[in-house]
Amino acid sequence: MQQTALTPLWDAKALADYLQVSRRTMETMIARGDAPPHLRIGRQRRWRQEDVQSWVDACATAKRSALHMFDAEQLLDDSAKESA
């Protein structure tokens with residue numbers, strides 16, 4: 001039987017350190033639902049590193065998509081001004 005290596009779980013402090021935000025900001029993000037998905041172990045919240053990385057990647061993709069939409073809208077506005 002093959003054993004898989006377990007990755008350590010992060011607590012809120014480790015997550016805040018990784019995201020380079022304060023612990024207070026991290027708690028605010030959690031309360032608003034803006035933080036990566038977490039696991040509950042008893043009364044403690046813990047994060048899997050792969051879930052955090054997927055969340056970061058999704059945020060980056062969403063931000064890039066929003067920027068591309070802004071650029072497209074700006075181009076349309078500029079071309080409309082030029083033709084007027």
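The gain in end-to-end length when the residue 5 to residue 41 segment is fully stretched comes to 11.0 nm, 0.36 nm per residue minus the alpha carbon separation.
Label separation (residue 20 vs residue 61): 2.3 nm, computed from points 7 Å beyond Cα along the C-beta direction.
We did not get these values from a lab; they are worked out from the coordinates using the rules stated. Since we're looking at a predicted model, the values are computed, not measured. All Cβ positions, even for glycine, are placed from backbone atoms using ideal geometry, and neighbour counts span all protein chains on display.
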